[in-house]
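A quick write-up on the structure given underneath.
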Amino acid sequence: SSGIVLMEVYETDSTGASFANISTRAYAAQGNSATIGGFVVTGNMPKKILMRAVGPTLTSYGIAESQVLLDPTIELRQGTTILATNDNWVENQNAAEITNTSALIGASPLHSSDTESAALLIELEPGVYTFSVSGKDGSTGLVLAEIYDAD
C-alpha cells in the first residue's frame with residue numbers, strides 16, 4: 001500500500017548529546033505532496049544549519065533518472081514566515097561555503113554535474129522550523145532531504 005506518513009524522531013538523551021544530521025529519501029511533488037520535515041534549534045545561541053534536497057546525485061547510487069526529482073526546491077519556514085528558499089544550490093552566494101561545510105561535516109558530496117539540487121547554509125536562532133522540498137515546475141520524484149548541524 002502507499003500513502004502519506006508522519007515519521008518522527010526525538011532525542012531523549014539529557015546528557016548533552018545531539019543529532020549530527022537526519023535525512024530521509026522520499027517522494028516529493030507539489031502542494032500536499034511536498035516532502036516536509038521539522039526541526040528544533042535548542043539552546044540560547046544561534047546555530048549554523050545545512051539543509052539539502054539532493055535529486056540528480058541519486059542517479060550515482062543506482063536510482064534511475066526517471067525516478068529522481070531532477071530539480072528540487074527548498075523552502076525554510078518558521079511558522080508561516082518563509083525565511084529562505086533555494087532552487088539550485090550553485091546559485092547561492094555562499095555556494096563555496098556550502099561545498100566546504102559539506103565536506104567538513106561528512107555530507108556525501110554532490111555529483112560534479114549536479115547543479116540542480118537545492119541547499120541552504122544558514123544561521124538560525126533557537127526555535128521551531130519547517131523544511132519543505134518540492135519539485136520545480138510541477139516535477140515529481142525521489143529526493144534525499146537532509147538537515148545537518150553545521151557548527
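The values are calculated or read from the model by the stated rules, or taken from the named source; none is laboratory data. Computed from a prediction, not measured in an experiment: that's the story for all the values here. Cβ atoms come from the backbone with ideal geometry, glycine included; neighbour counts cover every protein chain shown. Heads up: the accessible areas ignore ligands, DNA and RNA and are worked out on the full protein's heavy atoms, side chains in. Shrake-Rupley method; radii C 1.70, N 1.55, O 1.52, S 1.80 Å.
Some values worked out for this structure:
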{"quantity": "Candidate set from segment 102-143 (those that are among the hydroxyl-bearing types (Ser, Thr, Tyr) and in contact with a strand residue (DSSP E or B) (Cβ under 6 Å, 6 or more places away or on another chain)); member that is surrounded by the fewest Cβ atoms within 10 Å (Cβ to Cβ)", "calculated": "THR130"}
{"quantity": "Residues within segment 87-101 that are out of contact with any strand residue (DSSP E or B) (no Cβ under 7 Å at 6 or more places or on another chain) and of a type in the set (Val, Ile, Thr), tallied", "calculated": "2"}
{"quantity": "First in segment 113-128 and more than 25 Å from ASP71 (Cα to Cα) and in contact (Cβ under 8 Å) with a residue 24 or more places away in the chain, second anywhere and among the β-branched types (Val, Ile, Thr) and not in a strand (DSSP E or B), Cβ under 9 Å, 6 or more apart", "calculated": "PRO126/THR42"}
{"quantity": "Unmet requirement for GLY62, which otherwise passes all of (1) modelled with pLDDT of 95 or more; (2) on the phi > 0 side of the Ramachandran plot", "calculated": "(1)"}
{"quantity": "Residues that are closer than 21 Å to LEU124 by Cα and among the hydroxyl-bearing types (Ser, Thr, Tyr), drawn from segment 19-34", "calculated": "SER23"}
{"quantity": "Which listed residue, of ARG52, ARG77, is of a type in the set (Lys, Arg), touching a Phe, Trp or Tyr at 6+ places or on another chain (Cβ under 9 Å) and open to solvent by 30 Å² or more (accessible area, probe 1.4 Å)", "calculated": "ARG77"}
